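Peer 1: Supplied in structure tokens, the structure appears directly below.
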Amino acid sequence: MTAKEFIGELNGKEVEGELIKTFLYSFIISIAILGIVYFVKFRYIDGFLGKYGLYLLLASISLALITSMIRQVRAYKEFACMSGMMIGMTAGMISGFDIGLYLGATNGMLYGSILGMLVGIFIGIWMGKCCGIMGVMEGLMAGFMGGIMGAMTAVMMINDNLKVAVVIISIVSWVILILLNYMIYKEMKENERQRKEDHTITALITVIIIAIITWFMIYGPRSTLFGG
């Protein structure tokens, strides 16, 4: 019954009712940025869409789901220890893994790992602090491991249908993020929201991260496997 209630709340006016709106805001911002820079500059790069188009699209969807999760966590602000640890671990692991995966597929393991770890650790710690030091530690460890594992997975699959694997892995990660939204709702549905804010944080996170990912994919350093 709780799952049906959660689906119903997606159209409501409470915290969960903002998830779809936040997803759409973030996704539209990402696509708008990518569309502008493509027509201004990237369309002159040979094979741009074939090399980078799929990964940038998947990154935009992942980022939109991550920003939705961030907004939901920030709205409730404080969580019980076990819930907060799960939030920190999932936020750090999925954000680090996905970004490491996409950049590992275009720039190689070292550079995918570095950026995946940096973003994963940052988001993991930021979200994990909702329950104190244990959540912070979970977020840090998950971001550290996720960034490396994502990039390593991409490089391991380079000669075996990499794009198909990336799509499948992305879908699994999106399901995990949606289940995290559901878990947060189930744990906090009796609680009042603690923070109300506009979509400034959503827009800021989206612009910064999609800009970093795009710049790194196109102009960043590459391993020898990718012509570096």
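Peer 1: With a/c under 1.5 counting as rounded, go ahead and sort region 1-130 into rounded, prolate or oblate using the C-alpha gyration tensor (a ≥ b ≥ c being the square roots of the eigenvalues; past the cut-off, prolate if a/b is larger than b/c, else oblate).
Peer 2: It comes out oblate by the Cα gyration axes.
Peer 1: Now for a different question. Relative to the first principal axis of the alpha-carbon coordinates of the chain, what is the inclination of helix 133-156, with its axis defined by its Cα atoms, in degrees from 0 to 90 and to the nearest 10?
Peer 2: Helix 133-156 sits at roughly 30 degrees to that axis.
Peer 1: Okay, next question. How about Lys163: which lysines have a C-alpha closer than 17 Å to its C-alpha, ignoring those fewer than 8 places off in the same chain?
Peer 2: Of all the lysines, those that pass the test against Lys163 - Cα under 17 Å, at least 8 places apart if same chain - are Lys51.
Peer 1: Quote the charge dipole size of region 147-227 about the Cα centre in Debye, to the nearest 20; the model charges only the Cβ of Lys and Arg (+1) and of Asp and Glu (-1).
Peer 2: 80
Peer 1: How about region 11-49: which trypsin sites (Lys or Arg not before Pro) there are in a DSSP loop, with at most 10 other Cβ atoms within 10 Å of their Cβ?
Peer 2: Filter output for region 11-49: Lys13.
Peer 1: Given contacts defined as C-alpha pairs under 8 Å and at least six residues apart, what's the relative contact order of region 15-226, whole-number percent?
Peer 2: 27
Peer 1: Then there is this: Please list, or write none, the lysines whose alpha carbon is within less than 17 Å of the alpha carbon of Lys189, excluding same-chain residues fewer than 8 places away.
Peer 2: List returned: Lys4, Lys13, Lys77.
Peer 1: Going by C-beta contacts inside 10 Å, put Lys4, Lys186 in order with the fewest on the left.
Peer 2: Going from least to most buried by this count: Lys4, Lys186.
Peer 1: Any chance you could tell me what percent of the C-alpha pair distances in region 129-228 go past 20 Å?
Peer 2: Tail fraction, whole percent: 63.
Peer 1: In degrees between 0 and 90, to the nearest 10, how far off the longest principal axis of the chain does helix 162-188 point, with axes built from Cα atoms?
Peer 2: Helix 162-188 sits at roughly 10 degrees to that axis.
Peer 1: Next question. If you split all Cα-Cα distances of region 15-226 into 5 Å bins from zero, what percentages do you get per bin, shortest first?
Peer 2: In order of increasing distance, the bins hold 1, 8, 16, 20, 20, 16, 10, 6, 3, 1, 0 percent.
Peer 1: Compute the angle between helix 81-107 and the longest alpha-carbon principal axis of the chain, please, reported from 0 to 90 degrees and rounded to the nearest 10.
Peer 2: 10
Peer 1: I would also like to ask the following. Just rank Thr224, Thr202, fewest to most, by other beta-carbon atoms within 10 angstrom.
Peer 2: So the ranking, lowest neighbour count to highest, is Thr224, Thr202.
Peer 1: Can you list residues whose amide H is under 5 Å from Ser223's amide H, if they're 5+ apart or on another chain and H is modeled 1.01 Å from N?
Peer 2: Close amide H contacts, sequence-distant or interchain: Gly108, Gly228.
Peer 1: For Lys21, give me every one of the aspartates and glutamates with a C-alpha distance below 14 angstrom, ignoring sequence neighbours fewer than eight places off in its own chain.
Peer 2: Candidates past the 8-residue exclusion: Glu9, Glu197, Asp198.
Peer 1: Which Cα, out of Ala105, Ile133, Met156, lies furthest along the positive dipole direction of region 15-226 (beta carbon charges, K/R +1, D/E -1)?
Peer 2: Ala105
Peer 1: Let me ask something else about it. Place +1 on the Cβ of every Lys and Arg and -1 on the Cβ of every Asp and Glu in the chain, take the dipole about the Cα centre, and give the residue among Phe39, Met217, Asn181 whose Cα lies farthest towards its positive end.
Peer 2: Phe39
Any read-out appearing in this document is the output of simple, stated calculations on the displayed coordinates, not a laboratory observation. Everything numeric in this text was worked out from a predicted model, so none of it was measured. Neighbour counts run over all protein chains shown; Cβ positions are idealised from the backbone, glycine included.
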